[in-house]
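Data block below; observations after.
Read-outs: derived from the displayed coordinates by stated rules, not from any lab. These numbers come from a predicted model, not from an experiment. Methodologically, a virtual Cβ is constructed for each residue, glycine included, from the backbone with ideal geometry; neighbour enumeration extends over all protein chains shown.
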Amino acid sequence: MKRFLATAPALLVLVASLGAAAAPAVAREAAPLADDPVIEKRLMALAEELRCLVCQNQSLADSHADLAADLRQEIREMMQQGRSDKEIVDYLVARYGDFVLYRPPFKATTALLWAGPALLVVVGGSMLTVALRRRRGALADDAPLSEEEQARVKRLLEEEADGEGPRA
Amino acid sequence: MKARTWIPLAVFGVLVAFLAAGLKLDPREVPSPLIDKPAPLFSLPLLHDPTQAMSPGQLKGQVWMLNVWASWCVSCRHEHPLLVQLSRTGQVPIYGLDYKDKVGDALAWLEQFGNPYTQSLVDADGRVGIDYGVYGVPETYLIDKEGIIRYKHIGPLTPKVIEETILPRVRELNA
């Protein structure tokens with residue numbers, strides 16, 4: 001009896017896990033998550049690249065919005081039909097526009113978006129270079145001293161020699 | 001003024017102009033790629049008579065409005081009186097796309113708030129919604145005699161949008 005009592009919890013766990021394993025079979029609308037691991041992996045990789053239109057700062061992979069779930073299902077089905085990633089992306093762009101892409105294509109309307117940062121770096125960099133050159137030019141003046149300057153140097157050195165200069 | 005003073009000032013001015021323009025843009029208004037494209041075809045059961053189906057092809061030759069709505073959608077409630085009002089003027093037939101809704105709830109909703117729709121079509125799983133690029137109910141499409149989408153409004157309609165955008169376009173498309 002004691003022996004049985006000791007094993008009872010283990011049995012319970014076993015029964016519970018069996019029940020859990022059977023549960024998906026009776027679920028109302030089974031999301032076929034683990035149906036095909038290859039497709040699921042492809043789906044998640046692609047969904048990372050796509051923007052959820054409801055919560056715009058989340059990808060389709062992250063979002064819990066209803067629409068995101070519907071779109072993931074749509075993508076999953078298209079993958080099961082053997083469509084390529086490009087075909088699926090084209091399908092979504094035809095409906096929701098380039099906005100669904102986290103990496104929009106380069107065209108006239110997105111030129112500023114793509115080229116803007118590089119343009120800013122080039123403009124800023126050249127401004128910095130010009131400013132630095134100008135400053136260095138002002139500091140490192142290798143031209144020989146003029147007569148006037150020579151005379152001033154001499155005068156200052158003599159003053160120092162007279163004991164008026166900085167204390168040692 | 002020296003270049004050193006006005007160049008940073010000018011750059012700052014340009015930046016402010018960009019940011020000011022950005023503030024006025026609504027990030028929720030994603031331009032639809034479907035404008036000036038044929039309205040996607042479908043065949044969906046009627047809300048009031050599920051044995052009958054309807055497709056946009058049947059509406060060729062007239063200018064019509066497709067309003068995506070649902071009984072669970074709060075903003076739809078706000079725009080609904082405007083649709084009822086618009087339908088009474090008879091200027092443009094309004095067809096409803098009942099998006100991801102329960103038929104019983106939808107019928108009760110129309111009973112309670114009035115039915116502006118010539119017909120409501122049931123898009124239970126939202127597939128047709130995806131074809132139309134629906135991402136935020138309510139959405140409204142204006143479709144011309146050839147079945148081309150001419151205008152899309154995202155979010156609840158306002159009296160201003162109806163008076164200043166939709167009705168002038170309906171007149172233009174009917175001309």
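So residue B:124 clears everything in (1) surrounded by fewer than 19 Cβ atoms within 10 Å (Cβ to Cβ); (2) within 14 Å of another protein chain (Cβ to nearest Cβ); (3) under 23 Å from residue B:54 (Cα atoms); (4) touching a residue at least 40 places away in the same chain (Cβ under 8 Å) except one condition, right? Which one?
Every listed condition holds for residue B:124 apart from (4).
Consider residue A:103 carefully, then state whether it is among the basic types (Lys, Arg) and either over 20 Å from the mean Cα position of the chain (by Cα) or over 25 Å from residue B:32 (Cβ atoms) (or both). I'd like the intermediate steps shown before the answer.
Details: among the basic types (Lys, Arg): yes; either over 20 Å from the mean Cα position of the chain (by Cα) or over 25 Å from residue B:32 (Cβ atoms) (or both): no.
No, not satisfied.
Within the range B:1-52, can you find the residues that are among the acidic types (Asp, Glu) and not in a loop (DSSP other than H, G, I, E, B)?
Matches in the range B:1-52: none.
Checking the condition in a helix (DSSP H, G or I) and farther than 16 Å from residue B:135 by Cα, which residue from A:143, A:94, A:68, A:131 passes?
Working: A:143 fails: in a helix (DSSP H, G or I); A:94 fails: farther than 16 Å from residue B:135 by Cα; A:68 fails: farther than 16 Å from residue B:135 by Cα.
Matching residue, one of A:143, A:94, A:68, A:131: A:131.
Tell me, yes or no, whether the range B:154-166 has at least one residue that is in contact with a Pro (Cβ under 6 Å, 6 or more places away or on another chain) and crowded, with 16+ Cβ neighbours inside 10 Å.
Step one: of the range B:154-166, the residues in contact with a Pro (Cβ under 6 Å, 6 or more places away or on another chain) are B:156.
Checking the rest, the ones that are also crowded, with 16+ Cβ neighbours inside 10 Å come to B:156.
Yes - at least one qualifying residue is present in the range B:154-166.
Evaluate the range B:21-35: report whether one residue or more is surrounded by fewer than 12 Cβ atoms within 10 Å (Cβ to Cβ) and within 12 Å of chain A (Cβ to nearest Cβ). Break it down stepwise before answering.
Initial filter on the range B:21-35 (surrounded by fewer than 12 Cβ atoms within 10 Å (Cβ to Cβ)): B:21-27.
Adding the requirement that they be within 12 Å of chain A (Cβ to nearest Cβ) leaves B:26-27.
Yes: one or more hits.
Out of the residues in the range A:46-58 that are more than 10 Å from chain B (Cβ to nearest Cβ) and surrounded by fewer than 17 Cβ atoms within 10 Å (Cβ to Cβ), which is nearest to residue B:128 (Cα to Cα)? Even if it seems obvious, please write down each step before you answer.
So in the range A:46-58, the residues more than 10 Å from chain B (Cβ to nearest Cβ) come out as A:46-50, A:55, A:58.
Retained after the next criterion (residues that are surrounded by fewer than 17 Cβ atoms within 10 Å (Cβ to Cβ)): A:48-49, A:55, A:58.
On the way: A:48: 24, A:49: 23, A:55: 21, A:58: 23 Å.
Per the criteria, the residue is A:55.
Kindly indicate which of A:111, A:69, A:115 is within 13 Å of chain B (Cβ to nearest Cβ) and either out of contact with any strand residue (DSSP E or B) (no Cβ under 7 Å at 6 or more places or on another chain) or surrounded by 16 or more Cβ atoms within 10 Å (Cβ to Cβ) (or both).
Only one candidate qualifies: A:69.
Pick out the one residue from B:129, B:136 that is assigned to a loop (DSSP other than H, G, I, E, B), within 11 Å of chain A (Cβ to nearest Cβ), under 18 Å from residue A:99 (Cβ atoms) and not charged (D, E, K, R).
Result: B:136 is the single residue among B:129, B:136 that is assigned to a loop (DSSP other than H, G, I, E, B), within 11 Å of chain A (Cβ to nearest Cβ), under 18 Å from residue A:99 (Cβ atoms) and not charged (D, E, K, R).
So is residue A:84 farther than 30 Å from residue B:31 by Cα and small (Gly, Ala, Ser) or not?
In short, no.
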